[in-house]
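Take a look at the structure set out below.
None of the figures in this text is laboratory data; all of them are computed from the coordinates on show. Nothing here was measured: the structure is a model prediction, and the numbers come from that model. Please note: Cβ atoms are built from the backbone with ideal geometry, for glycine as well, and neighbour counts cover all protein chains shown.
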Amino acid sequence: MTPFPQQKAEPLYTIEEYLAFEREAEERHEYLDGVIYAMAGESPEHDDISTNLIGELRAALRDTPCRVRAKDTKVLSGAQLRRSRKGLFSYPDVVVICGEPQYLDMHRDVLLNPQVIIEILSDSTEAKDRGAKFIRYRQHLLSLTDYILVSQHAPLIEHFIRQADGDWLSRTLQGLDARLTIASLGCKIPLSEIYRLVSFPPEEIEWEEDAPHERDSNA
């Protein structure tokens, strides 16, 4: 799926129209300010990383009031006005909820109170995950304590943590020896487990051209 564009020529739908459409659709669609976006497929690396994360989090949170949800959990970031065209409905790759889930309505398919959201970056979604989505998450999800961006192409994770004053602290983790610490959940996950069975492309080596051989003038 392409990043959310700034200029939209598509027809605009209300939240009510989007929900009616999405509940009948066979595939997932996200929604931003009146525009419906079809979601693209996922790579094998994306699937492996997602599965690893869910497995590690489920084990770490087994005896806590927290639960892990996968990519089919729809999250609302915005006002709960059905006739409005203002808001974001997204499907994060991994969501952690602590305590009882809060839902938009009796359908129980739109979550309002995620505590941790994890997105696995791809070339087509990275700009959106860093931009439009994170802006809305910060503004509207008061329950959110951690936003985590996971690279597919290298053992690299960016961890954004909400501070007591509302600001966000950023940490970057790199290398399979690093460890992701989610203090709000009381868990630590080695990157070696998050990237288990994931193969990375070999690093490109730039060779410097040898300087031209100069003939010895005394030869």
### Message
If packing is taken as the average count of other Cβ atoms within 10 Å, what order do 77-88, 44-55 fall into, highest mean first?
### Response
44-55, 77-88
### Message
Please give the charge dipole size of the chain, origin at the Cα centre, charges +1 on K and R Cβ atoms and -1 on D and E Cβ atoms. Round to the nearest 20 debye.
### Response
1540
### Summary
Using alpha carbon centers only, region 13-49 is separated from region 107-137 by a whole-angstrom value of 12
### Query
Can you give the % of DSSP beta bridges in the chain that are antiparallel, to the nearest 5?
80
## Note on the structure
Here P(r) for the chain, Cα-Cα distances in 10 Å bins, as whole percents, is 7, 31, 33, 16, 5, 3, 3, 2, 1, 0
### Summary
By the rule of no other cysteine beta carbon under 4.7 Å, the lone cysteines of the chain are C187
### Length released on extending from Y91 to D165, taking residue separation times 0.36 nm less the Cα-Cα span
23.9 nm
